[in-house]
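Have a look at the structure below, then the notes.
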Amino acid sequence: MPTHLSVNVNAIAQLRNRRNLPWPSVVGLSRIAMQAGAYGITVHPRPDERHIRRTDVFDLSDMLRKEFPAAEFNIEGYPSEDFLELCEKAKPAQVTLVPDDPAQATSDHGWDVAKDSALLTRVCSRLKARGFRVSLFLDADPALVAGAKAVGADRIELYTGPYGSAFAEHEAAAEREKLKRTAQAAEAVGLGVNAGHDLTLDNLPPLIAAIPSIAEVSIGHGLVAEALIRGMTETVKLYRRACGDKG
């Protein structure tokens, strides 16, 4: 079974927000991505709304529910009370918890599951009680997996930033091995595995080949950058093939 592709549309929203105009349309381009075969849409709303806005979250939820009822809507973010209430209102299929500081430009590390176990246990319980799958953003370290299981997560999302920035093949191979061992540890305790950050058409296929059990990849910046050249429809098709989808 191919790895599912979830298109992160934060970069589209950030481009729109430069001029505070209604284009490029976050909903419109998400619709095109879904029509091209994407499995779902990912957003990461931050408190300052510098890209995805609360209104985008509800507009996307409404569009997906009406036009693509089988699609997966994935909302990422730090589990503040405002974020949790947003998820409870928008009703995504999956909530990915990320240990972001509001000032961060982008996610750059996973959870310290031991230090944050009380918070994560409480949040996972709350979200799962409302029917959402919960994924934890995690660094490539098998030692972290037991903690993710203990707090009640359903999946982990492998932070692939170091892999994405490893341009020498021996460095990339070393990062892939760390990711593979972490995925294997997750599978051994019954956790699903997602992946995301700095994934591209070049580095995605070897990652999938090394870890074919990855259920879902969330890709934003690289995909949107490629779409500026090729268009959203063709780019989504290329990323689907990079995920192993022969359709």
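The values are calculated or read from the model by the stated rules, or taken from the named source; none is laboratory data. Predicted model, so just to flag it, every value in this text is computed and none were measured. Positions of Cβ are backbone-derived with ideal geometry, glycine not excepted, and every protein chain shown enters the neighbour counts.
Scanning region 51-74 for any residue that is under 19 Å from Ser125 (Cβ atoms) and either of a type in the set (Val, Ile, Thr) or surrounded by 13 or more Cβ atoms within 10 Å (Cβ to Cβ) (or both) turns up nothing. Total residues in region 17-42 satisfying the condition of being farther than 18 Å from Met232 by Cβ and assigned to a loop (DSSP other than H, G, I, E, B): the figure is 4.
Give the residue that is surrounded by the most Cβ atoms within 10 Å (Cβ to Cβ), with candidates limited to residues of region 197-237 that are at positive phi and touching a Ser or Thr at 6+ places or on another chain (Cβ under 8 Å).
Filtering first and then ranking leaves His197.
The residues listed here are Val26, Val57; of these, the one that is within 19 Å of the chain's Cα centre (by Cα) and closer than 21 Å to Phe132 by Cβ is Val57. Of the listed requirements (1) touching a Ser or Thr at 6+ places or on another chain (Cβ under 8 Å); (2) modelled with pLDDT of 95 or more; (3) within 23 Å of Thr42 (Cα to Cα); (4) acidic (Asp, Glu), Asp141 misses just one: (3).
What do you reckon, is Pro45 in a loop (DSSP other than H, G, I, E, B), over 30 Å from Lys180 (Cβ atoms) and modelled with pLDDT of 95 or more?
yes
Counting only helices (runs of 4 or more DSSP H) that sit wholly inside region 193-247, those with at least 1 residues that are under 18 Å from the mean Cα position of the chain (by Cα) and more than 15 Å from Gly164 (Cα to Cα) are 221-230, 232-242.
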